[in-house]
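Read the figures in this text as sums done on the coordinates, not as results from a lab. Being a predicted model, the structure only gives us computed values, none of them experimental. Cβ atoms come from the backbone with ideal geometry, glycine included; neighbour counts cover every protein chain shown.
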Amino acid sequence: MRIVVLAGGIGGARFLRGLMSAAPDADITVIGNTGDDIHLFGLKVCPDLDTVMYTLGGGIHEEQGWGRADETFTVKEELAAYGVGPEWFGLGDRDFATHIVRTQMLGAGYPLSAVTEALCARWQPGVRLLPMTDDRVETHVLIDDPEGEGRKAIHFQEYWVRLRASVPAHAVVPVGADQAKPAPGVLEAIADADVVLFPPSNPVVSVGTILAVPGVREAIADAGVPVVGLSPIVGDAPVRGMADKVLAAVGVESTAAAVAKHYGSGLLDGWLVDTVDAGVVEEVEAAGIRCRAIPLMMTDLKATAAMAAEALALAEEVRG
Ligand code: FO1
């Protein structure tokens, strides 16, 4: 079975682990969000691609969910001693090596898709990991300017990591997305897929950014295969992250039903909500999306594999 998964960072990576356990023989292509990418210290950092690569390749810091295990921060401390920041973004020494290799290859003219393939040759994640695009896309968040009357746009990482999403987001803009082209292999993987899955990743800044690359949403809607998603909202709050803040910015309520309707029946065939949200199943089905309530907490591999198996079962059900 050929499965395409649209993945953000931690939630996407953990879901993929469960999917690989539930469907060990599947041929999985992951289309990774690159809107979180940031240039720091002259280096190109791709947090979501790296989180997937390290998680599936066995190099992730398990408790944190991002960055490398057994990490040290000597380079960061030395940069700080020169007064060179930002200090709010935790790049470790091992992680730095990934960004140096990536930046060197990009500088030599390789596209991000080729660089990602080269990095994965070391990590052997067991999936084909594709960036959504080789073009530069950077998600910016519009906030009230703390130093003035107006508003200002800041990088998504600054909103999330430095400000911890503590102020309202008025708009979320994937800068560059409208001009971006899907990376080589993205549209082909979607056209060849037997099923497309949306993990419980952020519907705005993760899955939403991938869908904002022209051609991707259309390819999924036209593929004629089941598209099944898992709600990142459980009991009216995100399981992790800042989905509630960025959903508000796009005028969507922070509920499992509202997120399903935000994707819409033109895109989504099936939607899994947590058992605490069983009350919304009817509402989602009334919107033309087949819906089931199952436990959606990725507490361990077994629980996550069960979620993935339910997503595949729902896909078969809607396939009819
Ligand atoms: N998240 C944090 O909360 N604090 C950090 O200092 C931080 C550093 C970091 C470095 C490399 C990397 O690949 C990811 C990193 N993340 C950090 C995670 C990241 O900011 C976000 O969780 C994702 O971009 C959202 O998907």
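Placing a pseudo-label 7 Å from each Cα along the Cα-to-Cβ vector at Glu149 and Trp88 gives an inter-label distance of 2.5 nm.
Can you compute the helix-only [θ] at 222 nm over the chain? Use -39500 (n - 2.57) per DSSP H run of at least 4 residues, normalise by all residues, nearest 500 deg cm²/dmol.
On the way: 12 runs with 118 residues, N = 320.
Calculated from helices alone, the mean residue ellipticity at 222 nm is -11000 deg cm²/dmol.
In straight-distance terms, cross-link reach from Lys44 covers every one of the lysines whose alpha-carbon lies under 16 Å from its own, apart from those fewer than eight places away in the same chain; here that gives Lys76. Placing dummy labels 7 Å off each Cα toward the beta-carbon, the span from Gln179 to Ala80 is 3.7 nm. The Cα center of the range 152-184 and the Cα center of the range 253-304 differ in position by 25 Å. Restricting the calculation to alpha carbons of the range 180-316 gives Rg and Dmax of 14.3, 41 angstrom. The slack in the chain from Ala286 to Arg2, taken as 0.36 nm per residue of separation less the alpha-carbon distance, amounts to 99.3 nm.
Summarising the label geometry, the points placed 7 Å from Cα in the beta-carbon direction at Phe73 and Ser166 lie 1.7 nm from one another.
Couplings for the range 306-314, taken from phi via the Karplus curve 6.51 cos²θ - 1.76 cosθ + 1.60 with θ = phi - 60°, read 5, 4, 5, 5, 5, 5, 5, 5, 5 Hz in order; Gly and Pro are left as x. Globularity index of the range 86-185 is 1.31 (Cα radius of gyration / 2.2 N^0.38 Å, N = number of residues). If you run the Gaussian network model on the chain, springs between alpha carbon atoms under 10 Å, then out of Val45, Val161, Val84 the most flexible one is Val84. When all alpha carbon pairs of the chain are counted in 20 Å bins from zero, the resulting P(r) reads 34, 59, 7, 0 %. Select from Tyr263, Tyr82, Tyr159 the residue whose mean-square fluctuation is largest in a Gaussian network model of the chain (Cα-Cα springs shorter than 10 Å). Taking springs between Cα atoms under 10 Å, the residue moving most is Tyr82. For the range 1-61, taking the reciprocal of the average inverse distance between every pair of different Cα atoms yields a Kirkwood hydrodynamic radius of 12.2 Å. A simple rule links phi to the HN-Hα coupling: the Karplus curve 6.51 cos²θ - 1.76 cosθ + 1.60 with θ = phi - 60°, which for the range 69-83 gives 5, 6, 8, 10, 10, 5, 4, 4, 5, 5, 4, 4, 5, 8, x Hz, with x for Gly and Pro.
Length gained on full extension, Ala121 to Ala237, computed as 0.36 nm times the residue gap minus the Cα-Cα distance: 38.0 nm. Note on Lys261: lysines with a C-alpha under 21 Å away, same-chain residues under 8 apart excluded, are Lys245. Here the convex hull built on the C-alpha positions of the range 1-103 has a volume of 100 cubic angstrom per residue. Backbone geometry of the range 248-264 corresponds, through the Karplus equation with coefficients 6.51, -1.76 and 1.60 at θ = phi - 60°, to 3J(HN,Hα) couplings of 4, 5, 9, x, 10, 5, 8, 9, 4, 6, 5, 5, 4, 5, 5, 5, x Hz, x marking Gly and Pro.
Projected onto their three principal axes, the Cα atoms of the range 223-296 cover extents of 32, 25, 19 Å, largest first.
Dividing the convex hull volume of the alpha carbon atoms of the range 128-182 by its residue count, what do you get in Å³ per residue? Can you show the working numbers first?
Working: hull volume 5.3 nm³, N = 55.
Per-residue hull volume (Cα only) is 96 Å³.
The convex hull around the C-alpha trace of the range 194-235, projected and averaged over every direction, spans 3.1 square nanometres.
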